Amino acid sequence: MPRLTPLLILLLALTATADPLRVFIRGGEKTHGPGAHEHERFLNDWKVLLAARGMKADGAKAWPSAAQLAETDVLVMYAQDGANATDGQKRDLAAFTGRGGGIVVIHTAIVGKDHEWWKSVVGGAWVHGKTRWREGPMALDYVDPDDRRHPISKGAASFAMDDEIYYELDMSPRVRVLATSDTGDGTPPVQGQMWTYEKDDYRAFVCIPGHLYPTFQRPNVRAILLRGIAWAGKRVNVDEFCTPEELKALGEPDLGVPRRPEP
């Protein structure tokens with residue numbers, strides 16, 4: 001039996017004694033055709049998945065209340081125009097992040113009416129009338145040599161898939177871009193499709209891919225999202241909630257492009 005290093009012993013001890021990570025999924029209604037923008041399906045499936053991985057998972061097709069946020073460590077957002085918020089919801093979120101609560105934003109949740117506010121919260125936002133999108137086969141390219149990678153993308157290989165990118169977003173210079181994609185129209189991929197943002201005492205992770213539901217069924221994408229949730233929740237071991245299959249898939253450079261669901 002291999003000997004455990006002191007660091008591994010410490011990580012295992014911290015994982016064993018840590019309280020369950022409390023996650024609230026802010027979902028929404030389905031808004032597109034077959035297999036696309038499956039916000040409610042994601043909400044239902046990932047509550048089960050996260051609970052199976054040892055987290056305490058809750059969620060709804062609406063913003064969480066102040067009471068729900070008080071029982072949450074990480075807010076995961078996947079909803080059409082998910083950043084639309086009332087003044088009261090903005091105050092509740094400020095109180096949540098003020099005590100160190102983390103945020104994970106997926107695809108359509110980067111869109112909202114008040115893009116300046118949302119940019120100040122998660123580091124970037126959709127701008128109506130400016131931001132563009134492209135659907136179809138795409139390559140997601142991780143940046144930085146692996147020895148300088150962020151814990152979320154450490155060991156991950158670039159890969160191809162069928163999904164949708166957003167570009168010409170309004171981005172803070174303080175974000176750390178983890179991955180980019182070619183826009184397909186000659187526009188340089190200067191803005192990321194995955195990034196992290198740290199402000200005050202909280203963390204945010206944004207993943208723009210997520211248009212098609214098969215994207216979430218890829219083990220490498222699940223690993224990235226689970227790592228993002230763990231990182232936003234300030235867990236010491238970002239691999240805590242991943243399976244060996246998912247971690248192995250991270251290093252596979254090309255998992256192929258799945259067929260788009262038939263209409």
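Listed values, structure above:
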{"read-out": "Percent accessible area from carbon and sulfur atoms, the chain, protein chains only, probe 1.4 Å", "value": "55 percent"}
{"read-out": "Inter-label distance, nm, simple model (7 Å from Cα along the C-beta direction), H32/K61", "value": "1.8 nm"}
{"read-out": "Residue pairs, from the table K90/K154; K47/K234; K113/K154; K56/K154; K130/K248; K30/K113, whose Cα atoms sit over 28 Å apart", "value": "K90/K154; K113/K154; K130/K248"}
{"read-out": "Most positive-pole-ward Cα, L226, Y142, N237, against dipole of the chain from beta carbon charges", "value": "N237"}
{"read-out": "Helical contribution to [θ] at 222 nm, DSSP H n ≥ 4, -39,500 (n - 2.57), averaged over the chain, rounded to 500", "value": "-8000 deg cm²/dmol"}
{"read-out": "Total formal charge among the other residues, if their Cβ is under 13 angstrom from that of A62, Lys/Arg +1 and Asp/Glu -1", "value": "-3"}
{"read-out": "Within the chain: Cβ-based charge dipole about Cα centre, in debye rounded to nearest 20 (Lys, Arg +1; Asp, Glu -1)", "value": "540 debye"}
{"read-out": "Those trypsin sites (Lys or Arg not before Pro) in the range 100-189 that DSSP places in a loop and that have at most 14 other beta carbons within 10 Å", "value": "K113, K130, R174"}
{"read-out": "Farthest toward positive dipole pole in the chain [+1 Lys/Arg, -1 Asp/Glu at C-beta], among Y197, G33, P253", "value": "Y197"}
{"read-out": "Solvent-accessible heavy-atom area per residue, rounded to whole Å², over the chain at 1.4 Å", "value": "45 Å²"}
{"read-out": "Residue of D45, D147, D114 that the Gaussian network model of the chain assigns the largest fluctuation, springs spanning Cα pairs under 10 Å", "value": "D147"}
{"read-out": "Structure-derived P(r) over Cα pairs in 10 Å bins from 0, in percent: which label, when the choices are (1) 6, 25, 32, 20, 11, 4, 1, 0; (2) 7, 31, 39, 18, 4, 0, 0; (3) 7, 30, 36, 19, 5, 3, 1, 0", "value": "(2)"}
{"read-out": "Listed residue (V105, A125, S158) projecting farthest to the positive dipole end of the chain, Cβ model", "value": "V105"}
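The values are calculated or read from the model by the stated rules, or taken from the named source; none is laboratory data. Quick caveat, the model's predicted, so the values are computed rather than measured. Neighbour counts run over all protein chains shown; Cβ positions are idealised from the backbone, glycine included. Just so you know, the surface numbers come from the protein's heavy atoms only, side chains and all, with ligands and any DNA or RNA stripped out. Shrake-Rupley method; radii C 1.70, N 1.55, O 1.52, S 1.80 Å.
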